[in-house]
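Trainee: Got a structure for you, written out below as structure tokens; questions coming shortly.
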Amino acid sequence: MLSVLLVALGVFTAAVMVLGDATVELPSILSGSTNPVLFVLMAPIPVVAALELSLGSRLVEAEETATRRVRALDAGLVIGVCATALAVGGAVHLLAGNDHAVASGRNVAFLTGLLLCVRVFVGQPAIAAPVLWVFAVIFVGYSGGGHWAFWTVLPKPGGDAPAALAAMLALTIGLLLHGTVRWRTVAHSIT
């Protein structure tokens, strides 16, 4: 799965470098007009999908009886990938002056946290959560006049403190849930 993660990080890097601050006008359901959506908002999706694929490719029985701390290794992988995305965003910002590059790294952390929070309850179908979040931001997050709703996180600038806090909280809560709640147990108690 390392090769898939490396390819996803490569795609992310290329997208952040090439797309920069390119926008497309898409309809906003709330304002009834169009909103300028950065192409780079979608750059984190391959990384988050690769993480889900990596976390989902497990042998549950073997991991439950393993002597190694598999969930701690998973957390290390998630933190490493998010740190790499942040480093890529920072590097692209320094090299190309792209103001949205740092935000892209933060968005990887936020969407990964969202994925981990939902994954505890639904398993692998949780990959839909980050994708749905991106579409929700695009179609109902813009209220017009250049203002994004407070909950959107993704289109906020790289230095936005509330967005950084939201990303940190989402990732922390996601890692805590992933490390402590057994999906199999939750699934059996729901049915």
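Trainee: State which residue is least open to solvent (accessible area, probe 1.4 Å) when the search covers only the stretch 127-138 and only residues that are farther than 20 Å from residue 34 by Cβ and without any contact (Cβ under 8 Å) to a residue 60 or more places away in the chain.
Mentor: Among residues in the stretch 127-138 that are farther than 20 Å from residue 34 by Cβ and without any contact (Cβ under 8 Å) to a residue 60 or more places away in the chain, the one least open to solvent (accessible area, probe 1.4 Å) is 129.
Trainee: Let me ask you something else. Please determine, by comparing only the residues of the stretch 131-166 that are under 17 Å from residue 25 (Cβ atoms) and in a helix (DSSP H, G or I), which one is modelled with the highest pLDDT.
Mentor: Among those that are under 17 Å from residue 25 (Cβ atoms) and in a helix (DSSP H, G or I), it is 134.
Trainee: Those residues that are within 20 Å of the chain's Cα centre (by Cα) and either modelled with pLDDT under 85 or open to solvent by less than 60 Å² (accessible area, probe 1.4 Å) (or both), I need them from the stretch 67-82; list them, please.
Mentor: Residues satisfying the conditions are 71, 72, 74, 75, 76, 77, 78, 80, 81, 82.
Trainee: Continuing with the same structure: Looking at the stretch 83-109 only, could you name the residues that are open to solvent by 30 Å² or more (accessible area, probe 1.4 Å) and part of a helix (DSSP H, G or I)?
Mentor: Across the stretch 83-109, the qualifying residues are 83, 84, 86, 87, 91, 93, 94, 95, 96, 102.
Trainee: Condition first: surrounded by 20 or more Cβ atoms within 10 Å (Cβ to Cβ), over 24 Å from residue 74 (Cβ atoms), out of contact with any strand residue (DSSP E or B) (no Cβ under 8 Å at 6 or more places or on another chain) and without any contact (Cβ under 8 Å) to a residue 60 or more places away in the chain. Can you find one or more residues in the stretch 139-149 that meet it?
Mentor: no
Trainee: Among the residues of the stretch 12-52, which ones are within 16 Å of residue 82 (Cβ to Cβ) and surrounded by fewer than 19 Cβ atoms within 10 Å (Cβ to Cβ)?
Mentor: Once the filter is applied, which keeps residues that are within 16 Å of residue 82 (Cβ to Cβ) and surrounded by fewer than 19 Cβ atoms within 10 Å (Cβ to Cβ), the stretch 12-52 yields only 49.
Trainee: Identify the residue in the stretch 150-159 that is within 20 Å of residue 98 (Cα to Cα) and touching a helix residue (DSSP H, G or I) at 6+ places or on another chain (Cβ under 7 Å) and, among all such residues, is surrounded by the fewest Cβ atoms within 10 Å (Cβ to Cβ).
Mentor: The extreme case among them is 157.
Trainee: Just to be sure I understand, how many residues within the stretch 92-126 are closer than 20 Å to residue 42 by Cβ, free of Cβ contacts under 8 Å to residues at least 60 places away in the same chain and among the aliphatic types (A, V, I, L, M)?
Mentor: Looking only at that region, the number is 2.
Trainee: Which residue pairs have Cβ atoms under 8 Å apart, sit 6 or more places apart or on different chains, and have a first residue in the stretch 160-180 that is open to solvent by 30 Å² or more (accessible area, probe 1.4 Å) and a second that is of a type in the set (Asp, Glu)?
Mentor: These pairs meet every condition: 179/74.
The values are calculated or read from the model by the stated rules, or taken from the named source; none is laboratory data. Remember, predicted model here, so these are calculated numbers, not experimental data. Note: ideal-geometry Cβ built from the backbone for every residue, glycine included; neighbour counts use all protein chains shown. For accessibility, only protein heavy atoms count, side chains too; no ligands or nucleic acids. Shrake-Rupley method; radii C 1.70, N 1.55, O 1.52, S 1.80 Å.
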